[in-house]
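These notes concern the structure reproduced below.
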Amino acid sequence: MLLLAMLSLAMLMVGRLRTIVRLQAGFPPIVRADARVDSVLYRPPAEQLELPLALFPASGEGARIPRAKRLFANRSLKLGQIDWVGFDMDYTLAIYRQEEMDRISIEATVKKLVERGYPPDIAKLDYPVDFPIRGLLIDKKHGHILKMDRFKHVQKGYHGLRRLERDELRQHYQAKRIRPNSARFHWVDTLYALSEAAVYARVIDYFEHAGKAIDYASLFGDIREAIDMAHRDGSILDVLESDLPRFVDRDPMLAATLHKFRSAGKRLFLLTNSRWAYTQKMMTYLLGGAMPEYPSFRHYFDAIVVAACKPQFFQEARPLMLRNGDEVKPAPLPLERGAVYEGGNLLDLERALGTSGDRVLYVGDHIFGDILRSRRESAWRTVMIVQEMEGEVAATEACRAEIDKVHELHASREELEDQLRFYQQRFKEISRRLDDATTNGGDRPLLEAERLRVKRTVERIRGQMRGIDHQVEELERKIDAWFHPYWGSLMKEADDRSSFGDQVEEYACLYTSRVSNFYSYSPLQHFRSARDRMPHE
């Protein structure tokens with residue numbers, strides 16, 4: 001009996017202890033319907049302590065990464081399966097302030113043009129740095145600058161700074177197939193190339209308003225030579241290097257992002273077309289003194305390759321060289337951390353890294369030099385830096401109501417098209433019956449009345465469809481204005497992807513606005529692409 005009493009007392013104490021723990025956590029006591037509750041232990045619901053979970057957002061929205069800072073997946077990618085992460089430098093690790101870059105580039109280019117014999121007045125012109133975007137196509141034959149959708153269908157265009165009318169677009173580009181990769185055309189596929197498009201458009205305007213003849217192809221060739229010469233002789237780089245804070249955004253999260261990769265066991269390499277002297281100065285500005293664990297920027301990387309000559313790097317068997325001061329000699333293997341290498345090629349670098357291509361993730365900004373070639377010539381996974389994405393996302397969010405309305409109007413138009421087909425078929429059936437000599441004369445008045453009613457219905461539906469088309473055109477103009485005053489969205493064109501957007505989707509596994517956006521993700525993150533749907537789905 002004594003043992004039984006002691007057991008009962010122990011069970012009572014355990015029960016009370018559980019009740020106290022639940023009450024302190026904010027849970028109501030667990031009681032049976034017929035049980036008495038100790039008034040000392042019971043706490044009315046109004047006085048219960050809040051759950052710790054109440055400190056978190058009620059929905060997941062507050063905990064999510066801001067959309068403008070997210071990484072977007074075209075193809076699923078597991079960072080846990082990546083051993084090496086490589087980076088381009090210019091426009092990738094180094095995010096340039098584009099308007100400032102365009103201004104010094106335009107100034108240097110125009111100066112070279114005047115030295116080549118162009119009128120001195122062109123140096124006094126205002127050049128529209130806000131005119132060009134990436135993904136444009138220059139037609140050197142007609143002096144046109146064009147934007148295409150993913151089917152290479154020209155949707156917008158300018159001659160100089162004058163917008164081309166629909167009839168002009170149809171005459172030159174829509175009535176016949178064009179070959180955008182031929183010598184007649186030139187792609188504006190990098191931010192570096194925006195200034196040449198601005199100069200080309202403005203100088204064409206200048207000559208034509210002055211009534212002077214101009215050879216559009218020769219003009220473009222002169223602009224390309226002038227800007228290349230300005231880069232070679234230091235007209236641009238000397239100004240840039242003298243005031244890096246004016247031209248380059250020093251990302252405060254870049255060092256922490258690289259450190260996070262390294263802490264997770266990833267090995268990093270730098271692969272840039274820039275020469276060593278410029279690379280050293282730029283990377284020191286970006287990373288020097290950022291973290292005490294890294295005495296210099298070299299300590300972030302397990303391999304540094306400069307003067308890589310991409311895209312030839314991915315196609316040609318150029319030797320990998322070791323730079324030691326001013327001396328350059330063939331590079332011994334294995335690669336030495338902190339050393340500086342030049343040139344090289346894809347296969348030799350993979351062997352030197354001691355890995356296979358599918359374990360390499362390369363981050364760059366150049367759709368052709370960094371992304372397209374690395375995807376076509378290797379198994380490297382790719383991330384494209386599209387620094388315009390922050391503006392694209394902001395514009396998309398700002399005009400979300402208009403975009404949704406366009407989708408609703410398209411759905412309404414599809415329903416009207418179904419109705420139109422039905423009534424058109426009905427009209428044909430009635431007309432055939434009226435034309436049939438065997439049709440009973442007494443049925444004709446009824447059939448005539450029915451045909452008239454169906455005809456009016458067809459006309460009404462067509463009018464509604466024209467109204468929808470007009471609304472969609474108006475909405476698309478408003479949507480375009482949110483993105484860019486001349487070209488609209490970088491990634492989209494009308495209802496489809498732009499040519500540039502199509503290339504990003506085709507060749508980049510991931511894309512984002514800057515390298516430091518990786519910081520918000522686990523180095524073992526599994527990026528999952530959205531489920532692809534075909535039209536019939």
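The values are calculated or read from the model by the stated rules, or taken from the named source; none is laboratory data. Because the structure is predicted, anything quoted here is derived from the model rather than measured. Cβ coordinates were reconstructed from backbone atoms using ideal geometry, including for glycine residues, and neighbour counts include every protein chain displayed. Ligands, DNA and RNA are stripped out before the accessible areas are found, and what is left, the full protein with its side chains, is counted by its heavy atoms. Shrake-Rupley method; radii C 1.70, N 1.55, O 1.52, S 1.80 Å.
Being surrounded by fewer than 19 Cβ atoms within 10 Å (Cβ to Cβ), in contact (Cβ under 8 Å) with a residue 12 or more places away in the chain and of a type outside the set (S, T, N, Q): is that true of R497 here?
no
Could you list, ordered by first residue, the pairs with Cβ atoms under 7 Å in which the first is in the stretch 64-75 and in contact (Cβ under 8 Å) with a residue 24 or more places away in the chain and the second is aliphatic (A, V, I, L, M) and part of a loop (DSSP other than H, G, I, E, B), at least 6 apart or interchain?
Sorted first by the residue in the stretch 64-75, then by its partner, the pairs are N74/A508.
Residue-wise test of (1) modelled with pLDDT of 95 or more; (2) assigned to a helix (DSSP H, G or I).
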| site | (1), (2) |
| --- | --- |
| R444 | no, yes |
| E448 | no, yes |
| T457 | yes, yes |
| R460 | yes, yes |
| E476 | no, yes |
| E537 | no, no |
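Can you name the residue in the stretch 511-535 that is closer than 20 Å to E390 by Cβ and in a loop (DSSP other than H, G, I, E, B) and is also least open to solvent (accessible area, probe 1.4 Å) among such residues?
The selected residue is S513.
So which residues in the stretch 143-200 are assigned to a helix (DSSP H, G or I), of a type in the set (D, E, K, R), touching a strand residue (DSSP E or B) at 6+ places or on another chain (Cβ under 8 Å) and more than 18 Å from I106 (Cα to Cα), if there are any at all?
Across the stretch 143-200, the qualifying residue is only E168.
A379 - would you say it is aliphatic (A, V, I, L, M), out of contact with any strand residue (DSSP E or B) (no Cβ under 7 Å at 6 or more places or on another chain), on the phi < 0 side of the Ramachandran plot and open to solvent by 20 Å² or more (accessible area, probe 1.4 Å)?
Against the criterion (aliphatic (A, V, I, L, M), out of contact with any strand residue (DSSP E or B) (no Cβ under 7 Å at 6 or more places or on another chain), on the phi < 0 side of the Ramachandran plot and open to solvent by 20 Å² or more (accessible area, probe 1.4 Å)), A379 qualifies.
List the pairs whose first member sits in the stretch 505-516 and is closer than 20 Å to L258 by Cα and touching a residue at least 40 places away in the same chain (Cβ under 8 Å), whose second member is open to solvent by 10 Å² or more (accessible area, probe 1.4 Å) and β-branched (V, I, T), and whose Cβ atoms are under 8 Å apart, counting only residues at least 6 apart or on separate chains?
Within 8 Å, the pairs are R514/I95.
Please go through the stretch 277-324 and pick out each residue that is touching a Phe, Trp or Tyr at 6+ places or on another chain (Cβ under 9 Å), of a type in the set (S, T, Y) and assigned to a loop (DSSP other than H, G, I, E, B).
Y294 - this is the single residue of the stretch 277-324 that is touching a Phe, Trp or Tyr at 6+ places or on another chain (Cβ under 9 Å), of a type in the set (S, T, Y) and assigned to a loop (DSSP other than H, G, I, E, B).
What number of residues within the stretch 429-442 satisfy the criterion of being open to solvent by less than 100 Å² (accessible area, probe 1.4 Å), in a helix (DSSP H, G or I) and either β-branched (V, I, T) or modelled with pLDDT of 75 or more (or both)?
The qualifying residues number 4.
Please go through the stretch 313-337 and give me each residue that is open to solvent by 20 Å² or more (accessible area, probe 1.4 Å) and touching a residue at least 24 places away in the same chain (Cβ under 8 Å), ordered by number.
Q315, E316, A317, R318, P319, L320, R323, L335, R337
Looking only at residues in the stretch 82-114 that are within 23 Å of W380 (Cα to Cα) and among the hydroxyl-bearing types (S, T, Y), which one is least open to solvent (accessible area, probe 1.4 Å)?
T92
Please count how many residues of the stretch 478-500 are in a helix (DSSP H, G or I) and within 22 Å of I385 (Cβ to Cβ).
Residues that pass the stated criteria total 3.
Go through the stretch 325-350 and count every residue that is of a type outside the set (D, E, K, R) and part of a helix (DSSP H, G or I).
Number of matching residues: 3.
Could you say which residue among L146, L137 is touching an Asp or Glu at 6+ places or on another chain (Cβ under 9 Å), open to solvent by less than 10 Å² (accessible area, probe 1.4 Å) and more than 17 Å from S218 (Cβ to Cβ)?
L146
Would you call D251 surrounded by 18 or more Cβ atoms within 10 Å (Cβ to Cβ), in a loop (DSSP other than H, G, I, E, B) and of a type in the set (D, E)?
The answer is yes for D251.
Can you confirm whether the stretch 216-239 contains a residue that is open to solvent by less than 60 Å² (accessible area, probe 1.4 Å), in a helix (DSSP H, G or I), closer than 22 Å to V386 by Cβ and at pLDDT 95 or above?
Among the residues of the stretch 216-239, not one is open to solvent by less than 60 Å² (accessible area, probe 1.4 Å), in a helix (DSSP H, G or I), closer than 22 Å to V386 by Cβ and at pLDDT 95 or above, which makes the answer no.
Out of all the residues in the stretch 115-134, which are over 25 Å from the mean Cα position of the chain (by Cα) and surrounded by 18 or more Cβ atoms within 10 Å (Cβ to Cβ)?
Y118, Y127
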